[in-house]
Structure formats: C-alpha cells, structure tokens
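Enquirer: Right, I'll just put the structure down here and ask away after.
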Amino acid sequence: DYARRKQDMEESAKTDLRPVGMEAELDGATKKWFDLLWNGAYRCGFATSQLAYDEAAADVLRGLREMDDHLASSRFLLGDAITEVDLKNFAWVTRHDYAYTVIFKSPGGRIAQYSNISRYVKELVEDYPMLLDSVDLPDACGSYYRQLFMLNFGRVVPYVPSVREWIAAL
C-alpha cells in the first residue's frame, strides 16, 4: 500500500517525501495529476457515455503532454527533489501501458513515446532502486483483468512484463 511504500522509501532513501512548507504545492500537484492522469484513466474505463469518455481521454492526453513537457526542464514533478507526488506517479506510470491503455481504453500510446517521462522513470529507479520492488507489474495489471469482469468478460490476462523488463524497454 502507498503508506507503507512511502515510509519504506523515506527510511531507506533518507528523504522526506512531504517536506514541511511544501504542503500546498504537493497537494496542488497531486490534484493536478490525479485529475488529468491518475483518475483520468479510470474515468476512461468506467465512462458510460461517449461524451464522458471523450472528456476523460482529452484529460489523459493533455496530462501526458504536460507531464512530458514539464519533465523536459525538471528532474522530478516538483523540482530537483523527489516527493510523494513522484511516488504516487510511479504507481500510475508503471500501470499505464499494460492496464490503463488496454482495459480502460485510456489513450496516449506507450510511455516509451514520451522521452522525458521515460527518462524520469529510468532516473527514478536508478536513484531509488527500492521502487523496483514496490510494484509487481504482472500482478498489479493482472488484477484489473481478473477483477473487472464488466470490462473483461473472459477474464483473459495478457502478458505483462516485470517492472524491470518494462523499464529496460523504455
């Protein structure tokens, strides 16, 4: 769960992921990426009208473009130091290619198409290798296929690489 991963990372990396004085900035960034991407993918998957899907899809595409553009000049989502926003984003970005784009029909193609997001992910795991053990990508993505019967009637689970294999292909 997120709280455990955050605590483990703060202890092993000796970093504060929610520094005092940055609460408003952290909350604002969390809201932005949640609205555009993290929840945008879910809104695509559970849309009950074409209009709702189109609005969610537009948010996802905008979010991917904005994130890629932002990371062209920033090492992390909020500057030069990793924060809880990056940790939350890592969970989303690792699931994008094999869960959200497939079962939720979330647009934007593969993360590898976004050079700055790809670099960001690679640098995150290079600097914080414990992140690699925080995501069991086949299980995380597979759970969507197994549990969301209304979106996957046959409960067929496609091949999903390990997070290490996915990152190596970026």
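The values are calculated or read from the model by the stated rules, or taken from the named source; none is laboratory data. This one's a predicted model, so the numbers in the text were calculated from it and none came from an experiment. Don't worry about glycine lacking a Cβ; one is built from the backbone with ideal geometry, like all the others, and counts go over all protein chains shown. Side chains are part of the model used for accessible areas, which takes the heavy atoms of the whole protein and leaves out ligands, DNA and RNA. Shrake-Rupley method; radii C 1.70, N 1.55, O 1.52, S 1.80 Å.
Enquirer: For a quick check, take a GNM of the chain with Cα springs below 10 Å and name the residue from Val121, Val20, Val60 with the largest mean-square fluctuation.
Expert: Result: Val20 has the largest fluctuation of those listed.
Enquirer: Right, something else. DSSP loop (so not H, G, I, E, B), at most 12 other Cβ within 10 Å: list which trypsin sites (Lys or Arg not before Pro) in segment 72-169 pass both filters.
Expert: Arg155
Enquirer: Return the sequence-ordered ³J(HN,Hα) values of segment 144-159 in whole Hz as given by the Karplus equation 6.51 cos²θ - 1.76 cosθ + 1.60 applied to θ = phi - 60°, using x for Gly and Pro.
Expert: Computed from phi, the couplings for segment 144-159 are 4, 5, 7, 9, 9, 3, 5, 9, 8, 4, x, 6, 6, 9, x, 4 Hz.
Enquirer: Put +1 on the Cβ of each Lys and Arg and -1 on the Cβ of each Asp and Glu in the chain; which of Tyr159, Ala91, Pro19 then has its Cα farthest toward the positive end of the dipole?
Expert: Tyr159
Enquirer: How much net charge surrounds Asp59 when only the other residues with a Cβ under 13 Å from the Cβ of Asp59 are counted, with Lys and Arg +1 and Asp and Glu -1?
Expert: The answer is +1.
Enquirer: From Cα pairs below 8 angstrom and at least 6 apart in sequence, can you work out the relative contact order of the chain, rounded to a whole percent?
Expert: Computed value for the chain: 21 percent relative contact order.
Enquirer: A further question on this structure: With a 1.4 Å probe and all protein chains left in place, how much accessible area per residue does the chain have, in Å²?
Expert: 50
Enquirer: Shifting gears a bit: Go through segment 57-67 residue by residue and turn each phi into a ³J(HN,Hα) via Karplus (6.51, -1.76, 1.60, θ = phi - 60°); whole Hz please, and just put x for glycine and proline.
Expert: 4, 4, 5, 4, 4, 4, x, 4, 5, 5, 5
Enquirer: Among residues other than Gln113 whose Cβ falls under 13 Å from its Cβ, what is the net charge (Lys/Arg +1, Asp/Glu -1)?
Expert: +1
Enquirer: If you take the charge dipole of segment 63-154 about its Cα centre, with +1 on Lys and Arg Cβ and -1 on Asp and Glu Cβ, which of Ala112, Met150, Leu71 is farthest toward its positive end?
Expert: Met150
Enquirer: Mind running the shape call on segment 54-155? Use the C-alpha gyration tensor, a ≥ b ≥ c as the square roots of the eigenvalues: rounded below 1.5 for a/c, prolate if a/b tops b/c, oblate otherwise.
Expert: oblate
Enquirer: Shifting gears a bit: In segment 39-85, carbon and sulfur make up what percent of the accessible area (probe 1.4 Å)?
Expert: Taking all protein chains in place, segment 39-85 shows 50 percent carbon and sulfur surface.
Enquirer: Right, here's the next one. I'd like the GluC sites (Glu not before Pro) in segment 99-170 restricted to DSSP loop residues with at most 14 other Cβ atoms within 10 Å, sorted by number.
Expert: none
Enquirer: Nothing charged except the Cβ atoms of Lys and Arg (+1) and of Asp and Glu (-1): what's the magnitude of the dipole of the chain about its Cα centre? Round to the nearest 20 debye.
Expert: It works out to roughly 600 debye.
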